[in-house]
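Nothing in this text is a laboratory measurement; each read-out follows from the coordinates by a stated rule. Computed from a predicted model, the values in this text were never measured in an experiment. Backbone-built Cβ (ideal geometry, glycine too); neighbour counts: all protein chains shown.
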Amino acid sequence: MSNGLTVYLVSRLAVSAICAFLAIVLWSRTRDVAWMLIVIGAIASYADILFDLLTRFGLVDEAMLSFLGLPLGRILFSNLPYVFLSSAFLVMILRKRMR
């Protein structure tokens, strides 16, 4: 691996770890559904980065998580944070509309 790629991966992992840690701290202080979905989205984003690193280092075989040639693990982990964030935004929109 080149030095540039290593710096990129380590910085991405460090920033997402800080984000996930702060999200877990927020999770313990709030019971709001929208905020909890945002926290889960941040944690899912960290899981996506970890999955990417584990597949790059060869510790996880992406072929085991495939179906009909589709990389299900990659599709799931890359889209899951946005599903939770979209759900949080939808909850906020519906909450504002109900008032």
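Annotations
- Largest mean-square fluctuation among S78, S28, S86, in a Gaussian network model of the chain whose springs join Cα atoms under 10 Å apart, belongs to S28.
- Computed from label points 7 Å out along Cα-Cβ, the spacing between R56 and V10 is 1.2 nm.
- 222 nm mean residue ellipticity, helices alone, for the chain (DSSP H n ≥ 4; -39,500 (n - 2.57); rounded to 500): -28000 deg cm²/dmol
- Nearest 10 degrees, 0 to 90: helix 3-29 Cα axis against the chain principal axis: 30 degrees
- Rounded FRET efficiency, nearest 0.05, which uses the C-beta distance separating N3 from S78 and R0 of 30 Å: 0.70
- Shape call, the chain: gyration tensor on alpha carbons, a/c limit 1.5: oblate
- Charge dipole (the range 3-98, unit charges on Cβ, about Cα centre) - positive-most of F57, L22, N79: L22
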